[in-house]
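Report on the structure given below.
The values are calculated or read from the model by the stated rules, or taken from the named source; none is laboratory data. Everything quoted here is computed from the prediction, not taken from an experiment. Every residue, glycine as well, gets a Cβ built from its backbone with ideal geometry; the counts of neighbours run over all protein chains shown. To get the accessible areas, we keep the full protein, side chains included, count just its heavy atoms, and leave off ligands, DNA and RNA. Shrake-Rupley method; radii C 1.70, N 1.55, O 1.52, S 1.80 Å.
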Amino acid sequence: MEAMKPEQLREALHGICIISITPFKANGEFDYDGYARNLNYLLAHGLNKTNSTIVVGGSTGECGAMSVAERKAVFDCAFDVLGDRLPIIAGCNSTNVWESIELAQYAESKGAAGAMALSPYYYPAKDEECIYQFYKTLATHTGLGILLYNNFEVMQIDCPISVLRRLKDEFPNIVGMKECTPAFFKMTRVVQEIGDKVSVVNGHGEFLEPYAALAGTAGFISSMSNFAPDKAVAIWEARSSGDYKKAKEIRDTLVPYMDLAVRYSGMGGEYKVISLLKYITDLVGSCGGYPRTPCVPLNESEKAEVREVLKKLDL
């Protein structure tokens, strides 16, 4: 399968960007069959190459808990199962740019749609030059379109617009941005400043829909597609047709889950939310699987709470 050209990725990001989880077995091994079931579930519920892309092996996919070889195995499963039915964006997050490059080049050889990468986060970059040099090195070592990933929670810096302008102007394969800024006004400014060449995607997903559509974002990420793909599709269809009232009404049916996710995040951070996401994905008949250490499964009382929330979601 031939890799997607950067300009094609830019267009493909006008839609839902599915943030895929990675199922593991109880012993910690990657569950190939479980992941295949998960991916087929997405296809069976309205997600396709006309309305979606999918990020495989990203942070919600627990990339930080896997070796490079394991991450490549996750890519392999996605390519085996999906083929060209969904454009696959390889999660290439790493504090080591050469590891990011290795993953991007591997994905390119498999026919990926693009590569997503977070700038250095072990020693968070306090100078924009650190961010710039990371992406410059990555962009010059792969022909894939690159999806920049701005995540203040992890990086402890909100990627400055000044560095985004430089990257946009100098590297034509930087064509997308997953914008998770904590400041909504900054998201609107990013769209205004780089949106002519870069598809800016609402990185907060359904939480900020359809408000982010009014900011001019090209699309939205969706971790909730793992358990509610039909609703993500319905939100996108309403959003893309300009029916923001309908989009909000559909989005609001997911508020019981969002409330729980916000509370769990406050209790245990992103690890807790990953466990929540995996468990509810199991409950709807797909495969979330076990989380991998250091992420721990939900306890029995938490699982009971999730089951009650599921009843309210009208899935």
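Overview of values
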| read-out | value |
| --- | --- |
| Top-ranked residue of region 234-248 - restricted to ones that are charged (D, E, K, R) and part of a helix (DSSP H, G or I), ranked as most open to solvent (accessible area, probe 1.4 Å) | K245 |
| Residue that is surrounded by the most Cβ atoms within 10 Å (Cβ to Cβ), among those in region 222-233 that are in contact (Cβ under 8 Å) with a residue 60 or more places away in the chain and part of a helix (DSSP H, G or I) | A232 |
| Filter pass, S52 being open to solvent by less than 10 Å² (accessible area, probe 1.4 Å) and either more than 20 Å from G203 (Cα to Cα) or not charged (D, E, K, R) (or both) | yes |
| Residues (touching a residue at least 40 places away in the same chain (Cβ under 8 Å), open to solvent by 10 Å² or more (accessible area, probe 1.4 Å) and over 16 Å from the mean Cα position of the chain (by Cα)) located in region 131-177 | T137, H141, T142, G143, P172, N173 |
| Verdict on K246 being under 18 Å from the mean Cα position of the chain (by Cα) and modelled with pLDDT of 95 or more | no |
| Residue within region 254-264 that is free of Cβ contacts under 8 Å to residues at least 40 places away in the same chain, of a type in the set (F, W, Y) and touching a Pro at 6+ places or on another chain (Cβ under 8 Å) present | no |
| Failed criterion for R10 (all others in (1) of a type outside the set (A, V, I, L, M); (2) touching a residue at least 40 places away in the same chain (Cβ under 8 Å); (3) farther than 20 Å from N93 by Cα; (4) open to solvent by 40 Å² or more (accessible area, probe 1.4 Å) hold) | (3) |
| Per-region count, region 65-118, residues polar (S, T, N, Q), closer than 25 Å to N27 by Cα and either crowded, with 18+ Cβ neighbours inside 10 Å or in contact with a strand residue (DSSP E or B) (Cβ under 8 Å, 6 or more places away or on another chain) (or both) | 2 |
| The listed residue being modelled with pLDDT of 95 or more, over 25 Å from T217 (Cβ atoms) and of a type in the set (D, E, K, R), out of E70, E7 | E70 |
| Matching entry among K303, K312 (being in contact (Cβ under 8 Å) with a residue 40 or more places away in the chain, basic (K, R) and either over 28 Å from R189 (Cβ atoms) or touching a Phe, Trp or Tyr at 6+ places or on another chain (Cβ under 8 Å) (or both)) | K312 |
| Leading residue by the ranking (most open to solvent (accessible area, probe 1.4 Å)) among those in region 249-269 that are modelled with pLDDT under 95 and closer than 16 Å to Y279 by Cβ | M267 |
| Close pairs from region 20-46: first crowded, with 16+ Cβ neighbours inside 10 Å, partner acidic (D, E) and assigned to a loop (DSSP other than H, G, I, E, B), Cβ under 8 Å, at least 6 apart | I21/E62; T22/E62; P23/D31; F24/D31; F24/E62 |
| First in region 200-216 and at positive phi, second anywhere and open to solvent by 10 Å² or more (accessible area, probe 1.4 Å) and among the hydrophobic types (A, V, I, L, M, F, W, C), Cβ under 7 Å, 6 or more apart | G205/I221; G216/V191 |
| Region 273-308: number of residues that are touching a Gly at 6+ places or on another chain (Cβ under 6 Å), open to solvent by less than 60 Å² (accessible area, probe 1.4 Å) and either over 11 Å from I21 (Cβ atoms) or among the charged types (D, E, K, R) (or both) | 2 |
| Any chance F207 is closer than 26 Å to V306 by Cβ, out of contact with any His (no Cβ under 8 Å at 6 or more places or on another chain) and not in a strand (DSSP E or B) | yes |
| Check on V200, open to solvent by less than 30 Å² (accessible area, probe 1.4 Å), out of contact with any Leu (no Cβ under 7 Å at 6 or more places or on another chain), within 30 Å of C130 (Cα to Cα) and not in a helix (DSSP H, G or I) | yes |
| Output for region 262-287, where each listed residue is under 21 Å from G57 (Cα atoms), among the small types (G, A, S) and out of contact with any Phe, Trp or Tyr (no Cβ under 6 Å at 6 or more places or on another chain) | S265, G269, S275 |
